[in-house]
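Colleague: Attaching a single structure in structure tokens format; questions to follow.
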Amino acid sequence: MRDITVITTGWTLEPSRLDADAPEGFSTAPVSATVPGCVHTDLLDHDLIDDPYVGTNEDEQHWIGRSAWTYRTSIDVEVDTERSYELVFDGLDTVARVELNGQTVAETANMHRTYRFDVAELLRPGANDLVVEFMPVREYTDAVVAEAGERPNVYPEPFQYVRKMACNFGWDWGPTLVTAGIWKPVRLESWRTASSRPSVPSPGLTGRTGFSRSRSTWSSMGPWTHPSTWWSRSPGSRRGSWRPSTAGRLRRP
């Protein structure tokens, strides 16, 4: 059976690095944070910024998107060495580093996908410190431009270089509010036996014949410790059969 611990309480937010244009004397003390949420809404909740939708307030708040921000919380876990544990983020906006008990779990740069991280080796009985630090997205896009070169754009904002909601960078109908944050739910999942993931369909075309290929991933506490993939094709209801490989994957012959 899969156990799910939703991680929505106890979060705090603090600036880990303020932009030079931040208001003089802006507090760096942690404040309570709402998860799911974002930096702008947390700062609004604590009256640390004015409403960016009023007047030209947004023009005085671009420093928020140029600063680094850190979310912190603690989760209590009764660790069972016979169980698998995955830390799941349904949405991180956007350039983030995830740490658990002082160890880097992963670095991300895509707000449009879910991330799953195996944390069985990092968890400890009792309190576990979870930290998510968000880097200024423009630092990331500057690095992409330096590597890939300039790409066409009709606005003076770098939304084409990062997997982030484009309207964060402004539009003809909206303000420029380059925010960051844990914008979708977070949870710790654990299980004792095998665990399967939803199938991911992938349609295609060969000549004039269409086909569908699906991928299902599963893992277990058994002899295969790596996620495994099963591929099938249609039409004809052709099914694949599973067999283990030396790499720990199950493949259709």
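Colleague: Read through the list (1) without any contact (Cβ under 8 Å) to a residue 60 or more places away in the chain; (2) assigned to a loop (DSSP other than H, G, I, E, B); (3) of a type outside the set (A, V, I, L, M, F, W, C), then give the number of the only condition that Asp59 fails.
Modeller: That leaves (2) as the condition not met.
Colleague: Please find, among Gly65, Gly37, the residue that is buried (at least 17 other Cβ atoms within 10 Å of the Cβ), out of contact with any strand residue (DSSP E or B) (no Cβ under 6 Å at 6 or more places or on another chain) and under 21 Å from Met135 (Cα atoms).
Modeller: Result: Gly65 is the single residue among Gly65, Gly37 that is buried (at least 17 other Cβ atoms within 10 Å of the Cβ), out of contact with any strand residue (DSSP E or B) (no Cβ under 6 Å at 6 or more places or on another chain) and under 21 Å from Met135 (Cα atoms).
Colleague: Here are some conditions: (1) in a strand (DSSP E or B); (2) touching a Leu at 6+ places or on another chain (Cβ under 6 Å). Leu122 meets all but one. Which one does it not meet?
Modeller: Looking at each condition in turn, Leu122 falls short on (1).
Colleague: From the set of residues in region 149-167 that are among the charged types (D, E, K, R) and in contact (Cβ under 8 Å) with a residue 24 or more places away in the chain, which is farthest from Asp93 (Cα to Cα)? Steps first, please.
Modeller: Step one: list which residues in region 149-167 are among the charged types (D, E, K, R), which gives 150-151, 157, 163-164.
Remaining after also requiring in contact (Cβ under 8 Å) with a residue 24 or more places away in the chain: 163-164.
Working: Arg163: 9, Lys164: 7 Å.
Ranking the qualifying residues of region 149-167, first place goes to Arg163.
Colleague: Here is a follow-up. Return the residue satisfying two criteria in turn: it lies in region 161-194 and is part of a helix (DSSP H, G or I) and surrounded by fewer than 19 Cβ atoms within 10 Å (Cβ to Cβ), and of such residues it is nearest to the chain's Cα centre (by Cα).
Modeller: Ala166
Colleague: Now, a different point. Is it true that some residue in region 95-102 is assigned by TED's automatic domain parsing to the domain that holds Ile7, of a type in the set (Gly, Ala, Ser), buried (at least 20 other Cβ atoms within 10 Å of the Cβ) and not in a helix (DSSP H, G or I)?
Modeller: Taking region 95-102 first, the residues assigned by TED's automatic domain parsing to the domain that holds Ile7 are 95-102.
With of a type in the set (Gly, Ala, Ser) added as a condition, the list becomes 96, 102.
Filter once more, keeping what is buried (at least 20 other Cβ atoms within 10 Å of the Cβ): 96.
Now restrict to residues that are not in a helix (DSSP H, G or I): 96.
Yes.
Colleague: Considering only residues that are in contact with a Phe, Trp or Tyr (Cβ under 9 Å, 6 or more places away or on another chain) and either assigned to a strand (DSSP E or B) or not assigned by TED's automatic domain parsing to the domain that holds Trp183 (or both), look in region 125-160 and name the one that is surrounded by the fewest Cβ atoms within 10 Å (Cβ to Cβ).
Modeller: So, considering only residues that are in contact with a Phe, Trp or Tyr (Cβ under 9 Å, 6 or more places away or on another chain) and either assigned to a strand (DSSP E or B) or not assigned by TED's automatic domain parsing to the domain that holds Trp183 (or both), the one surrounded by the fewest Cβ atoms within 10 Å (Cβ to Cβ) is Val131.
The values are calculated or read from the model by the stated rules, or taken from the named source; none is laboratory data. The shown structure was predicted, so the numbers you read here are calculated from the model rather than taken from an experiment. When we count neighbours, we look across all protein chains shown, and the Cβ atoms used for this are built from the backbone with ideal geometry, even at glycine.
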